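S.K.: To start, I am sharing the structure in question, which I have written as structure tokens.
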Amino acid sequence: MSAADERLPDFPSGGCAVVIGGSGGIGRAIALQLAEHGCDIALNYFSNVTGAEETAARVRRAGHEVHVGQVDLRDEAMVKSFLDEAAQHFGGVHTTVYAAGPYIPMRFVSQQPAATFRDVMEHDAFGCYHLAQASLPHLRTAKGSFTAIVTPAIRRYATRDVLSAAPKAAIEQIVKAIAAEEGRFGVRANAVGVGVITDGLYHALVDRGDFDERFLEASRQAKALKRLGTAEEVAEGVVFLASARARWITGQTLMVDGGYAL
Ligand SMILES: NC(=O)c1ccc[n+]([C@@H]2O[C@H](COP(=O)([O-])OP(=O)(O)OC[C@H]3O[C@@H](n4cnc5c(N)ncnc54)[C@H](OP(=O)(O)O)[C@@H]3O)[C@@H](O)[C@H]2O)c1
């Protein structure tokens, strides 16, 4: 038998991949690439049902089944119900991807109200924690994987970015905890640090003036590759880490950032 014949499929044929943030820019690209790799998908929206339906329609066009539901990550019971429903609907959950997060106004710490910090932590860090806890029983059964979006700002801080860096630093530690504690059940966990890309949250940050041309040019110059990335390029990293091709990789953070955090 050749090495090619022995190669495992990238994802199991039964069960589904859950993409939280599936109505958003990065989540959509991940859901579509997972579908291209043969996965049925369960995805959520928080406020943007139209965005979720657009992602769902494209997953169906790729030939896969999709389940869509509203989830507020701050609501632990709601997150658990969504995971349990997805598992029941598809016969299991083999992959969970955390690709959600609120709009984050960019301010210096001296000007960022504590109430805003608390609110972002509730959506992002606590949200990811709720998702991890709701996913683990299903991922243990499937010997599956958990992959979370973080930011390279946890390695190389960019001013005015505390609302991104602080919750994502917590999320990286949640990922490491899962990797260390759940490996004995066959569960892997990894993170992907996303540099500035021209999709998703980018549009709100440009519209609201957080990203102006000066910032964007400085951001391009700060990257070894001298350009911003795309959601598709991020999804490539996420889908690799979630797949069986990464079966001996756990507890890692892959920076998909054009060489920013060097
Ligand atoms: N774009 C970038 O340059 C960049 C860089 C580094 C890190 N990131 C991170 O990547 C992640 C995804 O960002 P994106 O660019 O794809 O942004 P996006 O297009 O705004 O998508 C954000 C997603 O999060 C969902 N969401 C927000 N709060 C939620 C909550 N409480 N419960 C459930 N879902 C919630 C949104 O749902 P609705 O739209 O339905 O409300 C949406 O699906 C975020 O954590 C962001 O911080 C992005």
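The values are calculated or read from the model by the stated rules, or taken from the named source; none is laboratory data. Predicted model only: the values in this text are computed from it and were never measured. For neighbour counting, all protein chains shown are included, and Cβ atoms are generated from backbone atoms with ideal geometry for every residue, glycine included. We work out accessible area using only protein heavy atoms, side chains counted, and drop any ligands, DNA or RNA first. Shrake-Rupley method; radii C 1.70, N 1.55, O 1.52, S 1.80 Å.
S.K.: Which members of segment 168-193 meet the condition of being in contact (Cβ under 8 Å) with a residue 40 or more places away in the chain, under 24 Å from residue 259 (Cβ atoms), in contact with a helix residue (DSSP H, G or I) (Cβ under 7 Å, 6 or more places away or on another chain) and in a helix (DSSP H, G or I)?
M.R.: The answer is 168, 171, 172.
S.K.: If you check residue 166 against the conditions, is it away from the ligand (no atom under 15 Å from the Cβ) and either over 21 Å from residue 44 (Cα atoms) or touching a Lys or Arg at 6+ places or on another chain (Cβ under 6 Å) (or both)?
M.R.: No; evaluated as a whole, the condition is false for this residue.
S.K.: Restricting attention to segment 3-19, which residues are surrounded by 14 or more Cβ atoms within 10 Å (Cβ to Cβ) and either acidic (Asp, Glu) or at pLDDT below 95 (or both)?
M.R.: Answer for segment 3-19, where residues must be surrounded by 14 or more Cβ atoms within 10 Å (Cβ to Cβ) and either acidic (Asp, Glu) or at pLDDT below 95 (or both): just 10.
S.K.: Please verify whether residue 156 is among the basic types (Lys, Arg), in a loop (DSSP other than H, G, I, E, B) and surrounded by fewer than 24 Cβ atoms within 10 Å (Cβ to Cβ), treating the condition exactly as stated.
M.R.: yes
S.K.: Now, a different point. Within segment 102-158, can you find the residues that are near the ligand (Cβ under 9 Å from one of its atoms) and touching a Ser or Thr at 6+ places or on another chain (Cβ under 6 Å)?
M.R.: Once the filter is applied, which keeps residues that are near the ligand (Cβ under 9 Å from one of its atoms) and touching a Ser or Thr at 6+ places or on another chain (Cβ under 6 Å), segment 102-158 yields 104, 151, 153.
S.K.: Take the residues in segment 103-112 that are touching a helix residue (DSSP H, G or I) at 6+ places or on another chain (Cβ under 9 Å) and open to solvent by 30 Å² or more (accessible area, probe 1.4 Å), then tell me which one is farthest from residue 157 (Cα to Cα).
M.R.: 103
S.K.: Kindly provide the set of residues from segment 210-262 that are within 27 Å of residue 180 (Cα to Cα), part of a loop (DSSP other than H, G, I, E, B) and β-branched (Val, Ile, Thr), ordered by number.
M.R.: Of everything in segment 210-262, those that are within 27 Å of residue 180 (Cα to Cα), part of a loop (DSSP other than H, G, I, E, B) and β-branched (Val, Ile, Thr) turn out to be 249, 250.
S.K.: Of the numbered conditions (1) part of a helix (DSSP H, G or I); (2) more than 16 Å from the ligand (Cβ to nearest atom); (3) more than 14 Å from the chain's Cα centre (by Cα); (4) surrounded by 15 or more Cβ atoms within 10 Å (Cβ to Cβ), residue 205 fails exactly one; give the number of that condition.
M.R.: Just one mismatch for residue 205, condition (2).
S.K.: Take the residues of segment 22-59 that are over 14 Å from the mean Cα position of the chain (by Cα), away from the ligand (no atom under 13 Å from the Cβ) and assigned to a helix (DSSP H, G or I): which is farthest from residue 72 (Cα to Cα)?
M.R.: The selected residue is 36.
S.K.: Restricting attention to segment 73-89, and to residues there that are open to solvent by less than 30 Å² (accessible area, probe 1.4 Å) and of a type outside the set (Gly, Ala, Ser), which single residue is nearest to the ligand (Cβ to nearest atom)?
M.R.: It comes out as 73.
Yes/no per residue for (1) more than 24 Å from residue 233 (Cβ to Cβ); (2) touching a residue at least 40 places away in the same chain (Cβ under 8 Å); (3) not aliphatic (A, V, I, L, M):
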residue: 17; (1), (2), (3): no, yes, no
residue: 21; (1), (2), (3): no, yes, yes
residue: 32; (1), (2), (3): no, yes, no
residue: 45; (1), (2), (3): no, no, yes
residue: 50; (1), (2), (3): yes, no, yes
residue: 54; (1), (2), (3): no, no, yes
residue: 74; (1), (2), (3): yes, yes, yes
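S.K.: Which residue, of 69, 22, is in contact with a helix residue (DSSP H, G or I) (Cβ under 7 Å, 6 or more places away or on another chain), surrounded by 22 or more Cβ atoms within 10 Å (Cβ to Cβ) and under 22 Å from residue 11 (Cβ atoms)?
M.R.: It is 22.
S.K.: Being in contact (Cβ under 8 Å) with a residue 24 or more places away in the chain and aromatic (Phe, Trp, Tyr), is that true of even one residue in segment 215-232?
M.R.: no
S.K.: Could you list, in sequence order, all residues of segment 175-202 that are crowded, with 17+ Cβ neighbours inside 10 Å, small (Gly, Ala, Ser) and at pLDDT 95 or above?
M.R.: Residues satisfying the conditions are 179, 189, 191, 193, 195.
S.K.: Another question about this same structure. Could you count how many residues in segment 60-98 are under 17 Å from the mean Cα position of the chain (by Cα) and in a helix (DSSP H, G or I)?
M.R.: 3
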